[in-house]
Amino acid sequence: MTPVLLNYNPATTRYFGDTPSAGRLEGPGVARGSAGSPAHGALVQFELRIEGGVVREARFTAFGCPHTIAVAAWTAEHAAGLPRGAGLPRSVAELSALFAVPIEKRGRLLVVEDAWAASMAAAPAP
């Protein structure tokens, strides 16, 4: 059941409430990357299973505000099919608009982007 969140748009409410793709990936060949820290209000980790140079599966764990968690969940859900080394499925500016992230929280999206880049950088070469 999706919780009712005040002052959040439908995308943030859905992805924060349902958190699709939350959790961990196990087994060989999983690339992990993280960024941020709880002390700074946001910590995000992505785990990617990359086969044949393409993301087959992605999971995330995160600590942060609803926007941070929602954007991380959306990113992991939309990662399948991206080539190894790709950036986020959408730009930080597009994600900011999609999730109606207030200007004072937009820096948290850079944490998501940095965690994504770190996970891609950890992916083994084909």
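Share of carbon and sulfur in the accessible area of the chain stands at 56%, probe radius 1.4 Å.
If the only charges are +1 at each Lys and Arg Cβ and -1 at each Asp and Glu Cβ, what is the size of the charge dipole of the chain around the Cα centre, to the nearest 20 debye? Present the calculation step by step, with values, prior to reporting the outcome.
Numbers: 11 positive and 10 negative charges, 7 e Å.
That gives a dipole near 40 debye.
Which one of Ala76, Ala39, Ala22 has the biggest mean-square fluctuation once the chain is modelled by GNM with Cα springs under 10 Å? Among Ala76, Ala39, Ala22, the largest mean-square fluctuation in the Gaussian network model of the chain belongs to Ala39. Could you state the angle between the C-alpha long axis of helix 106-121 and the longest principal axis of the C-alpha atoms of the chain, as a value from 0 to 90 degrees rounded to the nearest 10? Compared with the principal axis, the helix lies near 10 degrees. In this structure segment 22-126 gives 46 Å² per residue of accessible area when probed at 1.4 Å with all protein chains present. For the chain, relative contact order (Cα pairs under 8 Å, six or more residues apart, normalised by length) works out to 31 percent.
The values are calculated or read from the model by the stated rules, or taken from the named source; none is laboratory data. Small disclaimer: the values here were computed from a predicted structure and weren't measured. Ideal geometry is used to build each Cβ from the backbone, glycine not excepted, and the neighbour counts take in all protein chains shown. Each accessible area value is taken on the protein alone, full model and side chains, heavy atoms only, with ligands, DNA and RNA left out. Shrake-Rupley method; radii C 1.70, N 1.55, O 1.52, S 1.80 Å.
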